[in-house]
Amino acid sequence: MKYLLSFDPGLRCSGLALFEDGVLVETYLAEAQMGPRDAAGAIEMARSVLSTLEYSGFKPLQKDHLHFAYEKQQVYSLAGNADDLFQLAYVNGAVAYMLNRPSTGYLPREWKGQVPKRIHQPRIIKALTDEERAEMDKDLAPYTKSLRHNALDAVGIGLKYLRRM
C-alpha cells in the first residue's frame, strides 16, 4: 500500500491524514455547512472532503494503492442522541463510496482505547517523528484548536492502521 488516507468523520468538520509509504505527509480539515441529517447532508460533507483533497493537489480517485481507514460509530449509552451517529455513518459511507478504495474501520476503543482526549492526543503526537509533527503543525496552523482535534484523531486512526501506535 503506497497511500493511506485516514478519516475522522464529522458533521461540520472532518479530519483527514494522508500517509505515503507509512509516513504522515499531510493533514487536512474539511468543513461543510450543517446540511440535512440524512444522506444528502452526508454527501455534502463527502464532497467537501474530496474538494479539500483535490484543492491540496492530491487526487485520491487517480491514485493507485490507496487504502481508506476511518472511525466507525459506536453507541455508548442510551442517554446520547443516536441520530448524530447515524449521520456520521452516512458520512463514512459517502466518502468511502466516492473514494472507491479498500477500507478498514475502527471503533473508537479499537484505535485509541477508552481514554480521554487529554491522554490519547499526547500519545498520538508522541508517536510522530519530528518531521511529521512539524508538517502537521504547519497544515493545521490556520485552524482553531477546537477544530484541530478532528485531524489529530485522523492521524491516530492512521497510526493504528500502520501499527505505529
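The values are calculated or read from the model by the stated rules, or taken from the named source; none is laboratory data. Bear in mind that the values here come from a model prediction, so they are computed numbers and not experimental data. Glycine also receives a Cβ, built like all others from the backbone with ideal geometry; neighbour counts cover every protein chain displayed.
Among 73, 33, which is the only one that is modelled with pLDDT under 85 and within 17 Å of residue 150 (Cβ to Cβ)? Being modelled with pLDDT under 85 and within 17 Å of residue 150 (Cβ to Cβ) holds for just one of 73, 33, which is 33. Of the residues that make up segment 105-118, is at least one among the hydrophobic types (A, V, I, L, M, F, W, C) and touching a helix residue (DSSP H, G or I) at 6+ places or on another chain (Cβ under 6 Å)? Checked against the condition, which is being among the hydrophobic types (A, V, I, L, M, F, W, C) and touching a helix residue (DSSP H, G or I) at 6+ places or on another chain (Cβ under 6 Å), segment 105-118 yields at least one hit.
Go through segment 126-157 and count every residue that is surrounded by 12 or more Cβ atoms within 10 Å (Cβ to Cβ) and part of a loop (DSSP other than H, G, I, E, B). Explain how you work it out, then say what you get.
Taking segment 126-157 first, the residues surrounded by 12 or more Cβ atoms within 10 Å (Cβ to Cβ) are 127-128, 132-133, 135-137, 139-140, 143, 147-157.
Then keep just the ones that are part of a loop (DSSP other than H, G, I, E, B); that gives 128, 143.
Residues in segment 126-157 being surrounded by 12 or more Cβ atoms within 10 Å (Cβ to Cβ) and part of a loop (DSSP other than H, G, I, E, B): 2 in total.
Within segment 129-154, residues that are of a type in the set (Phe, Trp, Tyr) have Cβ atoms under 6 Å from residues that are crowded, with 20+ Cβ neighbours inside 10 Å in these pairs: 143/29, counting only partners at least 6 apart in sequence or on another chain. Within segment 116-125, being surrounded by fewer than 17 Cβ atoms within 10 Å (Cβ to Cβ) and assigned to a helix (DSSP H, G or I) holds for 117, 118, 119, 122, 123, 125.
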